[in-house]
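Peer 1: Take a look at this one; I'll ask things after.
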Amino acid sequence: MSRRPAAASAIATSGEALPALITETEELAALCARLREERFVTVDTEFMRERTYWPELCLVQLAGDHEVAEVDALAPGLDLAPLGELLADPAVVKVFHAARQDVEIFLLKFDAVPTPLFDTQIAAMVAGFGDQVSYDGLCRSLAGVQIDKAHRFSDWSARPLSPAQLAYAAADVTHLRKIYTALDTKLRREGRLAWVAEEMAALADPATYRQDPETAWEKLRPRTTNRRFLGVLQAVTAWREREAQRINIPRQRLVKDETLLEIAATTPMTAADLARARGISEGFAKGRSGAGLIAAVEAGRALPDDALPEAPKDRAGPPASPALVALLKVLLAAKSEEHNVAPKLLASSDDLDRLASGDGAEVPAMHGWRREVFGEAAQALKTGKLALGVDGKRVKLIPAG
């Protein structure tokens, strides 16, 4: 039988059923069958990752037009396969807010990204609610409610979950229904659903969530052109990624970034040498992980010259003119205001630097809807075909001869 916590009534609105806590496979299958008849389903998760490499899924919150339910992912014997089928159903839009971590969890669990996806954080940026607007911000703006964040840092792996925790978790999908409906209506009216669809493409790509151990070293941003150093760094960083996955602990808890950089520079070949590195204990150095790390150092040192990674290339061409970058920032702000879309979604600071540095910049701002809204005007400004002026309190774009 489903357990319906009394405190969960705090998130229910008039005429709305209290959320069920699903702990059995038959209940989940029946719930998902009902939700597959819906036009959209709002989805959120609660998980733990502080002590593990892989996220531990603890709770899944689901809401259709008329039903809210929570799935205890840690319930003994519960088979989540019906949930995977719901998430894969192309006829039901899966609505998330700030979807990346939730989608990663489902990709790991079901080997597939939920489809089709709609992320209300991205949609809100397209709809003019600013950069990376929070869920509680949208709740205030579009649902007219204030979210209680008291249980934001709960231990979701502890059982039983309290009624207050379940009420808090259910709110994350209950109000999302109204937010999605409002954003969908606004974006359809303004003809911007295609803009959102472009942004969803990256979220829907499984490659977005999969870290290649062989390229993990690039995130450390080493400041050197020594390719032998980079070869060792690549080897030890790839080892850390695989070892952290094997042991299931956070990569930084296994070996910190600064320690890997030190090891790549000193190339320790014995346990005693390794134990001298900052953050490496003698026990670690003499154990299985220490032996694997030393082997990775040896592998990096043994790489032939033609197999060594290339040093990160500096940006080609002369540095960007600070004055031109400043003008592009003004143009970006003006276009953002004109089209009521978040500036960060149109162009990043790096995009502006690249646009100012050369005419052939391959940046998102020069493709798709961004080019129409901002990129073409940026190019016109650079080539003297557009000038900026002031009309009262607003920036004015002035075509030039």
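Peer 1: Over 32 Å between C-alpha atoms is what I'm after, so list which of Lys149/Lys329; Lys94/Lys382; Lys313/Lys344; Lys94/Lys344; Lys149/Lys344; Lys94/Lys256 land there.
Peer 2: Lys149/Lys329; Lys94/Lys382; Lys94/Lys256
Peer 1: Here's a follow-up. Under 19 Å Cα to Cα from Lys178, which aspartates and glutamates show up? Leave out anything in the same chain fewer than 8 places away.
Peer 2: Glu16, Glu37, Glu38, Asp44, Asp65, Glu67, Glu70, Asp119, Asp136, Asp148, Glu190
Peer 1: Using 0.36 nm per residue, how much length does the chain from Glu67 to Leu193 gain when fully extended, once their Cα-Cα distance is taken away?
Peer 2: Details: separation 126, 0.36 × 126 = 45.36 nm, distance 2.61 nm.
Net length gain for the segment: 42.7 nm.
Peer 1: Which aspartates and glutamates have a Cα lying under 17 Å from the Cα of Lys219, excluding residues fewer than 8 positions away in the same chain?
Peer 2: Glu241, Asp257, Glu258, Glu262, Glu310, Asp314, Asp350
Peer 1: Roughly to the nearest percent, how much of the accessible area of region 226-287 is carbon and sulfur, given a 1.4 Å probe?
Peer 2: For region 226-287, the apolar C and S fraction of the accessible surface comes to 50 percent.
Peer 1: Taking only protein heavy atoms and a 1.4 Å probe, what accessible area per residue, in Å², does region 203-282 have with all protein chains in place?
Peer 2: On the way: 4270 Å² over 80 residues.
Result: 53 Å² of accessible area for each residue.
Peer 1: Quick one: accessible area per residue over region 109-172, 1.4 Å probe, rounded to a whole number of Å²? Walk me through the numbers on the way to the answer.
Peer 2: On the way: 2810 Å² over 64 residues.
That works out to 44 Å² per residue.
Peer 1: So how much slack lies between Arg288 and Asp391, counting 0.36 nm per residue of separation and subtracting their Cα-Cα distance, in nm? Spell out each step's value before the answer.
Peer 2: Working: separation 103, 0.36 × 103 = 37.08 nm, distance 6.92 nm.
My answer for the length gained is 30.2 nm.
Peer 1: Can you give the FRET efficiency for Ser321 and Thr267, using 1/(1 + (r/R0)^6), R0 = 56 Å, r = Cβ-Cβ distance, to the nearest 0.05?
Peer 2: After rounding to 0.05, the efficiency reads 0.85.
Peer 1: Next question. Taking the Cα centre of the chain as origin, work out the dipole magnitude from +1 charges on Lys and Arg Cβ and -1 charges on Asp and Glu Cβ, in debye rounded to 20.
Peer 2: Approximately 1180 debye in magnitude.
Peer 1: Ok, one more. If I compute solvent accessible area with a 1.4 Å probe over the protein chains, what percent of it on region 133-182 is carbon and sulfur?
Peer 2: C and S fraction of accessible area: 54 percent.
Peer 1: From the helices alone, meaning DSSP H stretches of at least four residues, give me the mean residue ellipticity at 222 nm for the chain, per-run term -39500 (n - 2.57), in deg cm²/dmol to the nearest 500. Mind showing how you got there, number by number?
Peer 2: Values: 17 runs with 177 residues, N = 401.
Estimated from H runs of four or more residues: -13000 deg cm²/dmol.
Peer 1: Please compute the per residue accessible area over region 287-401 with all protein chains in place, 1.4 Å probe, rounded to a whole number of Å².
Peer 2: The answer is 56 Å² per residue.
Peer 1: For the chain, return all DSSP H helices satisfying: extent of Cα atoms along own axis at least 27 Å; mean Kyte-Doolittle hydropathy at least 0.5.
Peer 2: none
Peer 1: Quick one: with all protein chains in place, what share of the accessible area of region 10-113 is carbon or sulfur, to the nearest percent (1.4 Å probe)?
Peer 2: Summing carbon and sulfur atoms, their accessible area is 51 percent of the total for region 10-113.
Peer 1: Which FRET efficiency value, to the nearest 0.05, do you get for Arg253 and Ala204 by plugging their Cβ-Cβ distance into 1/(1 + (r/R0)^6) with R0 = 30 Å?
Peer 2: Numbers: r = 31 Å, r/R0 = 1.03.
Rounded to the nearest 0.05, the efficiency is 0.45.
Peer 1: In addition: Between Ala112 and Gln132, what length comes free when the chain is fully extended (0.36 nm per residue of separation minus the Cα-Cα distance, one decimal in nm)? Before the final figure, lay out each step's value.
Peer 2: Values: separation 20, 0.36 × 20 = 7.20 nm, distance 2.54 nm.
Working it through step by step, the gained length comes to 4.7 nm.
Peer 1: Label points 7 Å out from Cα along the Cβ direction at Lys329 and Ala311: separation in nm?
Peer 2: Between Lys329 and Ala311, the label points sit 3.0 nm apart.
Peer 1: Next question, about the same structure. So in the chain, what percent of DSSP beta bridges are antiparallel if you round to the nearest 5?
Peer 2: On the way: 19 of 28 bridges.
Bridges in the chain are about 70 percent antiparallel.
The values are calculated or read from the model by the stated rules, or taken from the named source; none is laboratory data. The model shown is predicted, which means the values in this text are computed figures rather than measured ones. Using ideal geometry, Cβ is built from the backbone for each residue, glycine included, and neighbour counts are taken over all protein chains shown. Protein only, heavy atoms only, side chains kept; ligands, DNA and RNA dropped before computing areas. Shrake-Rupley method; radii C 1.70, N 1.55, O 1.52, S 1.80 Å.
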